[in-house]
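Okay, handing you the structure first.
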Amino acid sequence: MMARTVDLSTVEASGKRKWIYPIVSRGLWYRRRKWAAYALIIWLVGVPWTQWDGRQTLLFDFYHRKFQVFGWTFFANESSVFLGFVLFFIASILILTALFGRVFCGWACPQTVFMEFIFRPIEQWLEGTGLSQKRWNQQEYSKKLPRKLVKYFLFFSISMVLSNTFIAYLFGSHHLIKMIQEGPLSNASIFFGMLFVAVLINFQFGWFREQVCAFVCPYGRLQSILLDRHSVIVAYDAKRGEPRGKLGQTSGDCIDCHKCVQVCPTGIDIRAGLQLECIHCTQCIDVCDEVMTKIGKPIGLIAYNTQAAMAEKPKVIFRPRLLIYGLVFLIGGFLMGAFGLGRKSIDASLHREAGRNLFEKVGQTEFVNNFKINIQNRLDESQKLSWQLIEPPSAELILPEGEIELKPEEKRSIQLLIKMKSEDFHSEVGSIPLKIKISVDADNQVDLNSKIFGYESDD
């Protein structure tokens with residue numbers, strides 16, 4: 001029995017790359033996507049240069065393990081907030097996909113936005129579109145070299161802008177300006193990292209292109225489990241279009257002009273049904289509507305639709321998967337809200353000093369326990385700390401450093417001693433509870449708990 005071969009739109013059976021030279025249909029959906037894309041590009045490139053409440057609007061500072069999001073500063077140890085965000089984000093994507101298919105891919109994915117509205121327009125301006133572009137690329141290299149050089153110069157210039165924008169998200173726009181003023185040799189590791197990202201972006205949009213969607217991105221491969229028959233997809237109405245054929249020679253509305261294939265940026269034929277490579281860019285909708293209008297047929301042969309609607313099945317909105325996704329969405333939102341709004345301005349943890357005895361005698365009747373407190377200021381302003389020993393009341397709290405004031409976003413370790421008289425130590429197990437309260441104000445207090453080890457007086 002012979003194995004069935006599957007033809008891929010971008011790769012031949014031998015593994016050789018199939019280059020795609022799509023034309024552009026500038027219909028209604030394209031114009032809508034264009035304005036949405038320009039808004040996203042301005043936002044993505046511009047947001048690192050904006051301030052929110054005196055801080056960079058979005059900053060993902062992995063080096064210092066902190067993240068600034070619309071005036072809020074979060075640190076990497078705030079696991080509950082991050083868990084809530086991850087659940088909220090994943091559930092949002094799942095709900096969006098279950099309802100509207102791959103609308104994110106076609107309208108908001110940076111790969112699609114920058115490829116179709118920045119890089120490809122530049123290329124088509126220099127090389128043409130469709131068959132004319134293909135013929136131009138088949139000529140001798142010496143004839144096309146000047147325009148190729150111009151194209152890749154523009155591509156790399158844009159890649160440098162995007163790469164520096166990436167650096168601004170990771171290190172801060174003010175720090176980026178400082179590094180540019182200091183020169184590349186003063187920040188060699190970051191400079192070469194930026195160049196690497198620029199080369200990667202140039203490779204992605206200049207050569208790899210639609211293969212990112214087909215072979216790299218896991219989101220497309222998950223469509224078979226994320227979508228159902230009630231999800232909105234870009235679909236060809238086979239009942240209306242088939243049997244396809246030349247105009248006037250068939251009863252179907254599809255005249256088999258192949259325009260839908262010629263405009264597809266991933267090279268697929270939408271008439272073959274839902275496919276992994278389809279990013280729901282709506283180009284086939286625009287060009288098909290244009291053809292239908294010209295031949296006097298109703299538009300919508302290719303349109304946003306659901307498989308259930310095309311099969312004339314009743315519409316179902318509340319499906320089991322949506323209820324599950326919605327529950328995860330609510331859990332994530334609750335965790336973000338509860339732990340985000342209830343977070344304290346300081347974070348602290350109490351530990352025993354490594355390599356020290358459980359307690360150390362001081363004179364004949366007293367002993368001390370040595371502790372280390374790791375404390376972090378979560379605000380971008382200084383905070384003075386107040387200390388209170390709650391339990392045991394007979395002990396004495398000693399700070400060798402004296403009064404402590406944390407600098408903005410400072411993280412430090414503080415030595416703390418608990419001194420106690422042996423006559424006040426009463427325990428059958430050799431330890432008693434320790435409770436310390438650290439406070440900045442009434443709304444920002446942290447309770448720390450541990451054990452005091454000691455000995456009872458012989459008297």
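Every number here is computed from the coordinates shown, using simple stated rules; none is lab data. Here the structure is a predicted model, which is why all the values come from computation and not from measurement. Every residue, glycine as well, gets a Cβ built from its backbone with ideal geometry; the counts of neighbours run over all protein chains shown.
If you take all C-alpha pairs in the chain, what percent of them are over 32 Å apart?
59
Excluding V362 itself, what net charge comes from residues whose Cβ is under 13 Å from its Cβ, given Lys and Arg +1 and Asp and Glu -1?
Net local charge, V362 excluded: 0.
Return the distance in nm (one decimal) between the two label points of a simple spin-label model at D380 and K239, each offset 7 Å from Cα along Cα→Cβ.
In this crude label model, D380 to K239 measures out at 5.8 nm.
Could you compute the net charge surrounding R343? Neighbours are other residues with a C-beta less than 13 Å from the C-beta of R343; K and R count +1, D and E count -1.
Result for the local shell: -1.
May I ask you to order 278-286, 402-410, 449-457 by the average number of other C-beta atoms within 10 Å around their residues, highest value first? Could you put the intermediate results ahead of the total?
Details: 278-286: 25.9, 402-410: 12.7, 449-457: 16.1.
Ranked from most to least packed, the peptides come out as 278-286, 449-457, 402-410.
So which helices of the chain fit the span-like rule, where a helix is a whole DSSP H run, its Cα atoms reach 30 Å or more along the axis, and its mean Kyte-Doolittle is at least 1.0?
79-100, 320-341
Measuring from the lowest to the highest alpha carbon on each principal axis, how far does segment 346-453 reach, largest first, in angstroms?
The principal-axis extents, from largest down, are 45, 28, 21 Å.
Moving on. How far, in nm, would the chain grow between I122 and S186 when pulled straight, counting 0.36 nm per residue and subtracting the alpha carbon separation?
19.6 nm
Counting other C-beta atoms within 10 Å, and keeping those with at most 16, which DSSP coil trypsin sites (Lys or Arg not before Pro) do you find in segment 19-94? Let's see the in-between values first.
Values: sites: R26, R31, R32, R33, K34, R55, R65, K66; in loops: R26, R65.
Answer by residue number: R26, R65.
Divide by every residue of the chain the summed helix terms, -39500 (n - 2.57) for each DSSP H run of at least 4, and state the resulting mean residue ellipticity at 222 nm, rounded to the nearest 500 deg cm²/dmol.
About -12000 deg cm²/dmol.
Pull up the cross-link candidates among the aspartates and glutamates for K435, meaning alpha carbon to alpha carbon under 13 Å and not fewer than 8 places away within one chain.
Counting by Cα, and skipping residues close in sequence, K435 has these aspartates and glutamates nearby: E391, E396, D447.
Which entries of K344/K407; K372/K421; K259/K294 show an alpha-carbon separation above 18 angstrom in the structure shown?
K372/K421
Please compute the contact order of segment 346-453 in relative form: average sequence separation of alpha-carbon pairs under 8 Å and at least six residues apart, divided by the residue count, as a percent.
31
Which number do you get for Rg(Cα) / (2.2 N^0.38 Å) in segment 242-353?
Details: Rg = 24.9 Å, N = 112, 2.2 N^0.38 = 13.2 Å.
Normalised Rg, Cα atoms only: 1.88.
For the cross-link pairs K151/K246; K148/K297; K66/K437, which exceed 31 Å when the distance is taken from alpha carbon to alpha carbon?
Beyond 31 Å: K151/K246; K148/K297.
Something else: Below 8 Å between Cα atoms, with a sequence gap of 6+, how large is the relative contact order for the chain in percent?
15
Calculate the length of the line joining the C-alpha centroid of segment 179-256 to that of segment 372-413, in whole Å.
Between the Cα centres of segment 179-256 and segment 372-413 lies a distance of 52 Å.
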